[in-house]
Each structure stands twice: as structure tokens, then as C-alpha cells.
1. Could you check how many residues of region 135-160 are open to solvent by less than 80 Å² (accessible area, probe 1.4 Å) and modelled with pLDDT under 80?
2. Report every pair of residues separated by at least 6 positions or lying on different chains whose Cβ atoms are under 7 Å apart, first residue within region 115-137 and in contact (Cβ under 8 Å) with a residue 40 or more places away in the chain and of a type in the set (D, E, K, R), second surrounded by fewer than 16 Cβ atoms within 10 Å (Cβ to Cβ) and part of a helix (DSSP H, G or I).
3. Which condition breaks for HIS92 when tested against (1) within 23 Å of the chain's Cα centre (by Cα); (2) closer than 21 Å to ASN30 by Cβ?
4. Of the residues GLU6, GLU73, which single one is at pLDDT below 90, among the charged types (D, E, K, R) and surrounded by 15 or more Cβ atoms within 10 Å (Cβ to Cβ)?
5. Answer with yes or no whether ALA45 is more than 21 Å from the chain's Cα centre (by Cα), of a type in the set (Gly, Ala, Ser) and farther than 22 Å from VAL72 by Cβ.
6. Exactly one of these conditions fails for VAL105: (1) more than 25 Å from LEU75 (Cβ to Cβ); (2) within 18 Å of the chain's Cα centre (by Cα); (3) at pLDDT 80 or above; (4) not acidic (Asp, Glu). Give me its number.
Amino acid sequence: DPIAFEQLLRSAARRLPPGERLVIVCDALNEMGTVPGGNVLGLPAVLPDGVYLIVSHGLLPIKLNFTLAPQVEWLDVRSTENLGDMQAYLQHIADCSAVAWWLQVHQQSAAEFVHTLLERSGGNWLYLSHLISEIRRGPHGTRGSYGLPASLANYYATYAASWREKDVLKWDALYAPLFVTLVAACEPIGLD
């Protein structure tokens, strides 16, 4: 509800101590719905003082109209900064107990783990997010070398294949046609 959301932001802004800011971070806005006549996610056109949005979306256009011009930064997934951030993140994650356990089971060094994920992710944080979450959840079957999917596309293909294995009839009648439609559309589309 865009009106309730705007009221919530205004209420939160009024309660901010002097010098404090409310920063809302939202990733993948292109995967969210747009309120009729409004912005994606029902974001207000005018933000209260002290409220800031940091949003990201793919290259497809999204509906964002603000009274002030937003500051736009284009991020290159192959940039030195992005890959450096990924490397630092992966080196940190390699020290966590669940990932260290995974490395031990797969007889991989932290350096090999970092190098492999950097190479296979292609700079895509979504790949890392899903994979690290899965590793942290615990034991699972290995997938190819290093027990890692070869790419984000491979990760999703394996995930979709597990859906098919659970219920072939539902896969053929519902999931496969849905995936094919989404791939053909190449953009977010409504249920209709």
C-alpha cells in the first residue's frame, strides 16, 4: 500500500535523532511490481527529509519517478572494484565455520575456493548469494569439480531439474511452460 508506506517513512523520519539518516537498500527492483499510477514497489515520489534509497535493477526499464533527479551509478560486474569487493567477501566467508567445513570436505583451499567462485560468478553477486547460502545450510551432493555449479545459469538449471524430479506432471503442465514464457518475454510480466 503506497500510502501506508509513505506514512511509515514519514513517521520514521520524524523519529530520527538529529544527524541520523534512514537508508533503505533494495536490490532487483526490476523483479518487483509497480503500483498502478505509481512507482515500482509503491515507492513515494517525494522522500521525507533524512530518508534515502539505494536501489538496484537490471538493464530493463522500471518505473521510478521522483521529484528530485536520482543520482544514477552504472555498475560493471567485471569492474576491478566489483571483483575486488567479491574477492574480499569470499576471503572473509572462507573463514566462517560452515564454509571452512565445506572446504575441508571438498579438499579445497580457501584460495582455490575464492578463485573458483570469482571465475564462475562472472561478477554476479546473485550467484554468490545463493551458493553461499546453500553451503552454509550444510551437506549436499557435489556438483562437478569443486562441488560448485559451473555458472549462475548452471545453478538455476540444476535447481529447476530438482523441481522436475519432484513432480514430472506438474513440471510438464505448469513449471516448464512458465519458464519458457519468462525466457521468451525477457522482461518482468504480469500474471495475466
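The values are calculated or read from the model by the stated rules, or taken from the named source; none is laboratory data. Because the structure is predicted, anything quoted here is derived from the model rather than measured. Ideal geometry is used to build each Cβ from the backbone, glycine not excepted, and the neighbour counts take in all protein chains shown. Please note that ligands, DNA and RNA were not included when accessible areas were found on the heavy atoms of the full protein model with its side chains. Shrake-Rupley method; radii C 1.70, N 1.55, O 1.52, S 1.80 Å.
1. In the first step, residues of region 135-160 are kept if they are open to solvent by less than 80 Å² (accessible area, probe 1.4 Å); the result is 135, 138, 140-141, 143-145, 147-155, 157-158, 160.
After this cut, where a residue has to be modelled with pLDDT under 80 as well, the list is 138, 140-141, 143-145, 147-155, 157-158, 160.
Residues that pass the stated criteria total 18.
2. If the second residue must be surrounded by fewer than 16 Cβ atoms within 10 Å (Cβ to Cβ) and part of a helix (DSSP H, G or I), the pairs left are ARG136/ALA98.
3. The failed condition is (2).
4. Details: GLU73 fails: surrounded by 15 or more Cβ atoms within 10 Å (Cβ to Cβ).
None of the others qualify; the one that does is GLU6.
5. Values: more than 21 Å from the chain's Cα centre (by Cα): yes; of a type in the set (Gly, Ala, Ser): yes; farther than 22 Å from VAL72 by Cβ: no.
When the stated conditions are applied, ALA45 does not pass them.
6. Single failed check for VAL105: (2).
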